[in-house]
Amino acid sequence: MKLITAITSLLALAFTPSAIAHAGTANKQALKYNYEFSICPDVPAMRFTLTWDDQVGDIIINVLEKRTGKLIQQITAEGVEEPYQGPAVFTAEDINYDGCQDLKLLCFTGATGNELYRYWTYNRKTNKFQSEKILEDICNPEIRLSKKEIFSHCKEGGAGAYYIETTYKFTGKKYKLIRQTDQYLELESGRVIREEKEVRNGRMITIKKEEIIKNN
């Protein structure tokens, strides 16, 4: 499935991958990637250095002032894959509609085509980025700007016949899960079932459940 992302006013000014050896570890490498983004029109450009720690499976993101090199923040993305070389690993896009760019990191790619991402939103008051926990490890996200939603479609097997779709709505301050669709194989009957759910009065309830095809 083609991953569609709507990226608003992204200014990626530079990308430079490099590799350096771990001290005292001849057969290991720490990969470093450098990016520069203009986060807000009235905020000085920032430089981001991503370092892959292959011993623990973490990516360390150092956020620095581009002009002075001063460290603003250090972010640790735990338990992620080693990134490949290319700007698609780490991008900036405005997901909370405040006119400033937020951070998006590709943290896993699966054999089925699933890609998992993590987001950090920019906080003007602190000049730092904060994790969006509800969007952590979101699968194949698609930004729907006109609806202020993020849609996720995650393949679960059956050559794409089984999947989970989730929709997150931006409520003005944060994202909330509002809708979920599961299509799965019911082991007892051998039927393929599609179940649609919505959050109503704070609870996720099933609003529709039907058989899609007969599994022969």
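The values are calculated or read from the model by the stated rules, or taken from the named source; none is laboratory data. On a predicted model such as this, the values are computed, not experimentally measured, just so you know. Backbone-built Cβ (ideal geometry, glycine too); neighbour counts: all protein chains shown.
Condition first: within 17 Å of residue 155 (Cα to Cα) and surrounded by fewer than 15 Cβ atoms within 10 Å (Cβ to Cβ). Now tell me which residues in region 196-216 satisfy that.
Step one: list which residues in region 196-216 are within 17 Å of residue 155 (Cα to Cα), which gives 196, 212.
Within region 196-216, 212 is the sole residue that qualifies.
Could you tell me which of the residues 80, 56 is outside any strand (DSSP E or B), of a type in the set (A, V, I, L, M, F, W, C) and surrounded by fewer than 13 Cβ atoms within 10 Å (Cβ to Cβ)?
Details: 80 fails: surrounded by fewer than 13 Cβ atoms within 10 Å (Cβ to Cβ).
After ruling out the rest, the residue left standing is 56.
If I ask for residues that are among the β-branched types (Val, Ile, Thr), part of a loop (DSSP other than H, G, I, E, B) and surrounded by fewer than 18 Cβ atoms within 10 Å (Cβ to Cβ), which ones from region 38-52 would you list?
Within region 38-52, just 43 meets the criteria.
Condition first: out of contact with any strand residue (DSSP E or B) (no Cβ under 8 Å at 6 or more places or on another chain) and modelled with pLDDT of 50 or more. Now tell me which residues in region 6-62 satisfy that.
Residues satisfying the conditions are 41, 42, 43, 55, 56, 57.
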